[in-house]
Amino acid sequence: MKKLLRSLVVPNRQGIHARVATMLVKKVMEFRSAVSFAKGRNTADGRSVLDLLSLGAAQGDQLSLEVCGDDAAVCADALSLLFEQRFDEEA
Amino acid sequence: MKFSDFILLDAINHEIKAANKAGVIDEMAQSLLDAGGIKKADKDAVIKSIVKREELGSTGIGRGIAVPHTKHSCVERLVGCVGVSHEGVDFDSLDCEKVFLFFMLISPPDKPSEHLRALEYITRQLKDDAFCRFLKQSKTKADIITLLEEADNNLFGSK
């Protein structure tokens, strides 16, 4: 079982709002791995929009991504790409 | 941010009557209008804007909860209302379940951080199963007001 940790910075002006959280959850659902995002002491299940919104992650906030499973590497890459592409939103 | 910072108590609806998504949005916008949160002249534009946002992807975020919202220049500060449907409404939610609890938010376009903090606050409370259960079981507007006050006094939610 692979476990990967990555540090990501929220890139977009509006932060992890509902549409972005839904986008992340839909991407996570494409994989088998368990995914969590943490901001400070608060951790969110990557399969829950409710959880992700409860982080209140704003632009510039640092998130710790933890991916655990046999497809962890491709899953972490796919999620990182969404951050790199700024969720198709303005900076 | 607390409920008391943005929820208009007069716009709380403990008994959503609408049976579909468009109806809920209309009913809640009317509640905001009646409570003075938005002006009559802006109601149609606000509804149109919320519907447009829903077309990008449902704000039904699962677990029987939806947060229909929009940014609109007709408000100078974030305003919101709460609606409870006892029958549940099909809201095209991510988990395909009916929605019972609605939080509608209208925020000024130039303040994305306020919107984000309101979403954070609402979802932190809704992560608490007891808060969700009590809200669903609310029989009167006063029940909901009491619950929101209790939440603001840290009785619920993940800290």
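Run B:His86 past the list (1) without any contact (Cβ under 8 Å) to a residue 60 or more places away in the chain; (2) within 24 Å of B:Thr146 (Cα to Cα) and report the number of the one that doesn't hold.
For B:His86, the exception is condition (1).
Based on what the data block shows, is A:Leu82 more than 9 Å from chain B (Cβ to nearest Cβ) and modelled with pLDDT of 95 or more?
yes
Condition test on A:Arg6, is it more than 13 Å from the chain's Cα centre (by Cα), at pLDDT 95 or above and away from chain B (no Cβ under 11 Å)?
Considered against the rule, which asks whether it is more than 13 Å from the chain's Cα centre (by Cα), at pLDDT 95 or above and away from chain B (no Cβ under 11 Å), A:Arg6 comes out as no.
Take the residues of the range A:9-37 that are closer than 14 Å to A:Leu53 by Cα and away from every other protein chain (no Cβ under 12 Å): which is nearest to the chain's Cα centre (by Cα)?
In this case the residue turns out to be A:Phe37.
In the range B:106-120, which residues are buried (at least 20 other Cβ atoms within 10 Å of the Cβ) and more than 8 Å from chain A (Cβ to nearest Cβ)?
Of everything in the range B:106-120, those that are buried (at least 20 other Cβ atoms within 10 Å of the Cβ) and more than 8 Å from chain A (Cβ to nearest Cβ) turn out to be B:Ile106, B:Ser107, B:Ala118.
Limited to the range A:7-47, what total is found for residues that are within 15 Å of A:Val74 (Cα to Cα), surrounded by 15 or more Cβ atoms within 10 Å (Cβ to Cβ) and in contact (Cβ under 8 Å) with a residue 40 or more places away in the chain?
Here the count works out to 6.
Tell me, please, whether a residue that is among the aromatic types (Phe, Trp, Tyr) and without any contact (Cβ under 8 Å) to a residue 24 or more places away in the chain can be found in the range B:109-121.
Scanning the range B:109-121, I find no residue that is among the aromatic types (Phe, Trp, Tyr) and without any contact (Cβ under 8 Å) to a residue 24 or more places away in the chain, so the answer is no.
Restricting the search to the range A:25-55, which residues are touching a Phe, Trp or Tyr at 6+ places or on another chain (Cβ under 8 Å) and within 22 Å of A:Met1 (Cα to Cα)?
A:Thr43, A:Ala44, A:Gly46
Check B:Glu97, B:Glu76, B:Glu87, B:Glu54 and return the single one that is farther than 17 Å from B:Leu126 by Cβ and either within 14 Å of chain A (Cβ to nearest Cβ) or crowded, with 19+ Cβ neighbours inside 10 Å (or both).
Result: B:Glu54 is the single residue among B:Glu97, B:Glu76, B:Glu87, B:Glu54 that is farther than 17 Å from B:Leu126 by Cβ and either within 14 Å of chain A (Cβ to nearest Cβ) or crowded, with 19+ Cβ neighbours inside 10 Å (or both).
The values are calculated or read from the model by the stated rules, or taken from the named source; none is laboratory data. Source: prediction; values computed, not measured. Positions of Cβ are generated from backbone atoms using ideal geometry, with glycine treated the same way; all protein chains shown enter the neighbour counts.
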